[in-house]
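Please read the structure below before turning to the comments.
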Amino acid sequence: MDEEEEEITDIKLQIFHNNLRENIIFLLLLMLLYLGSYALILRFRRKDRDDLFSTDEDEVLVYRISSWLCTFSLAIAVGAALLLPVSIASNEVLLLYPSSYYVKWLNSSLIQGLWNHVFLFSNLSLFVFLPFAYLFTESTGFVGHKKGIIARAYETFTVFSLLATVVLGITYVLSAVMDPEKIGFLSLLNLGSVHLPFLYSCVSFLGVLLLLVCTPLGFVRLFGVVGQVLVKPHLLRDVNEESQVYYMEIASVKRKLANIQLMNISINGTNGGASGERPKTIGSSIRHTLTARNGQYNSYTNGGGGYYQHPSLEHLYQRKPIESYQMEQEKLNQRLRELETESCELEKLRKSSAFQRNFVYPLAMLLLLLFTGITVLLVVQNTLELLIGIKALPLSTRQFTLGITSLSKLGPFGAGLEVCLIFYLGATSAVGFYTMPFMRHVRPQKRKTSLAQLILNCALVLILSSALPLLSRIIGITNFDLLGDFGAIEWLGNFQIVLLYNLIFGTTTALCLANKFTAAVRRELCARLVENYVIFTNYMSFIN
């Protein structure tokens, strides 16, 4: 009996230590992600807001609480994007070092708990924290009550409760329409197992649809982003000569601007002493100055336009309105800004090393082409396997044990390639999403983004990052099962949806890439055809 009690005690103690170790690891990961998210938000947050530097303590507290909730949600979004890469890498590490003392803490329970925690906090952030943060910043307190943080909190909870009731009612109606057999009167009160999973399923489906649109566009636009960041090789170009040309043109534009400014000073100086009224033309100011020196001129008004005439001085000036000089000055300022930008780019290109120009840029472009081509091939392979029946649907139906076997046919190399492809998908989806036309006013800008705009961006990033594991599993980037409640989303078991998604994704990606790399050739061919047509028509008209 004593041995059995000691064995039970040892088992309970081991379970306690495992749970404590897992919670400590989760807390450390959350702190690390929170610090990174805080640094990112600090980079984009606007600094000139009254609520940030306000003397009202309630306003400052509201702003801080909303910022904390926003930062926490962004940390969960980053964690959701890292779920699959971390899980795949953990599986391969356990296969490579099965008996190592330093990786014993890495087990299936830890990874499963990580997926469950991310799923839980994703729901809380999307449906509770971010809406509460936005409503809290917009609240002022009920009319007739004493102003303060408590009044604003009451208003926020009231509005949030009404909004939650409306959303849950809509969710109940949609679930009743889609599956009437599973919905009854008692299920109306069952939020945890019926309404919230269905609501998150709808949001995840929306996120997957957004990825379907923005990821193929991101494949194309990422080439342009890399071209702007990295220095291109200057083949068949004399950068020093181009830099000298820009330098001389900038000097010419500055000289013209200086002349216009001197003319404006002359206009203001000649007219400011007597009547305080500016002459309507530059010619009038010149005439006024010259004739004032001679002490002899006859003035008259030309049709009420305010032009002074002197026959002996007509050859010394050109009558020109001041507005035309102002327009010319604006054009010159705009041209000067363009020239300075292009000159800075040339200076960056001139000072770059040969290694950076001739090796880094081509390598980056080759990697982009390689990752894009592999992604398209994997989508085609996954589509064919789904049609034949070899590949199972991404809906998880079994309990996965970490460290049993590698899920890639190429072993650790294949697993590393899958991790790189998942990160590549995340980067392309972010680039494609934020370069869309309707995202122009939502896109965050450095030091210019308001708190409401940050909350909206955190919600969008959370939706996309939560859908990234689903996208990677649907298009066949990896065979790693979606753990926890991520793998229990019902529409993942629909064959028509999964197959149609693969077909659309592969087709749109191929079309976008073909349009990217053949657009210049097609434009040149069209230009040549038009040129030949014009020559032919001119020749026929000459013959006739």
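Each residue in region 469-489 was checked for being open to solvent by less than 10 Å² (accessible area, probe 1.4 Å) and of a type in the set (D, E, K, R), and 0 of them qualify.
Hey, can you tell me all the residues within region 426-468 that are open to solvent by 40 Å² or more (accessible area, probe 1.4 Å), in contact (Cβ under 8 Å) with a residue 60 or more places away in the chain and not aliphatic (A, V, I, L, M)? Listed by number, the residues that qualify are Thr435, Gln445, Lys446, Arg447, Lys448.
Using the structure shown, decide if Ala519 is modelled with pLDDT under 75 and surrounded by 10 or more Cβ atoms within 10 Å (Cβ to Cβ). Taking the combined requirement at face value, the residue satisfies it.
Hey, can you tell me all the residues within region 139-162 that are in contact (Cβ under 8 Å) with a residue 24 or more places away in the chain and assigned to a helix (DSSP H, G or I)? Ile149, Arg152, Thr156, Val159, Phe160 - these are the residues of region 139-162 that are in contact (Cβ under 8 Å) with a residue 24 or more places away in the chain and assigned to a helix (DSSP H, G or I). With respect to the conditions (1) more than 23 Å from Leu402 (Cα to Cα); (2) assigned to a helix (DSSP H, G or I); (3) charged (D, E, K, R), Glu92 lacks only one, and its number is (1).
Looking only at region 389-399, residues that are in contact with a helix residue (DSSP H, G or I) (Cβ under 7 Å, 6 or more places away or on another chain) and either at pLDDT 80 or above or open to solvent by 20 Å² or more (accessible area, probe 1.4 Å) (or both) come to 4 in all. Looking only at region 67-79, decide whether some residue is of a type outside the set (Ser, Thr, Tyr), open to solvent by 70 Å² or more (accessible area, probe 1.4 Å) and touching a residue at least 24 places away in the same chain (Cβ under 8 Å). There is no residue in region 67-79 that is of a type outside the set (Ser, Thr, Tyr), open to solvent by 70 Å² or more (accessible area, probe 1.4 Å) and touching a residue at least 24 places away in the same chain (Cβ under 8 Å).
Confirm whether Trp105 is under 22 Å from Gly36 (Cα atoms) and surrounded by fewer than 18 Cβ atoms within 10 Å (Cβ to Cβ). Judged against the criteria, Trp105 is not a match. Residue by residue through region 408-425, note down the ones that are within 16 Å of Leu378 (Cα to Cα), open to solvent by less than 40 Å² (accessible area, probe 1.4 Å) and assigned to a loop (DSSP other than H, G, I, E, B). Ser408, the sole residue that qualifies.
When region 193-234 is filtered for residues that are open to solvent by 60 Å² or more (accessible area, probe 1.4 Å), within 26 Å of Gly484 (Cβ to Cβ) and either at pLDDT below 80 or of a type in the set (Val, Ile, Thr) (or both), the ones remaining, listed by number, are Ser193, Leu196.
Looking at Ser100, Ser87, can you tell me which residue is open to solvent by less than 40 Å² (accessible area, probe 1.4 Å) and either more than 26 Å from the chain's Cα centre (by Cα) or among the basic types (Lys, Arg) (or both)? Every option except Ser100 fails the conditions.
The values are calculated or read from the model by the stated rules, or taken from the named source; none is laboratory data. Quick caveat, the model's predicted, so the values are computed rather than measured. Virtual Cβ from ideal backbone geometry, glycine too; neighbours counted across all protein chains shown. To get the accessible areas, we keep the full protein, side chains included, count just its heavy atoms, and leave off ligands, DNA and RNA. Shrake-Rupley method; radii C 1.70, N 1.55, O 1.52, S 1.80 Å.
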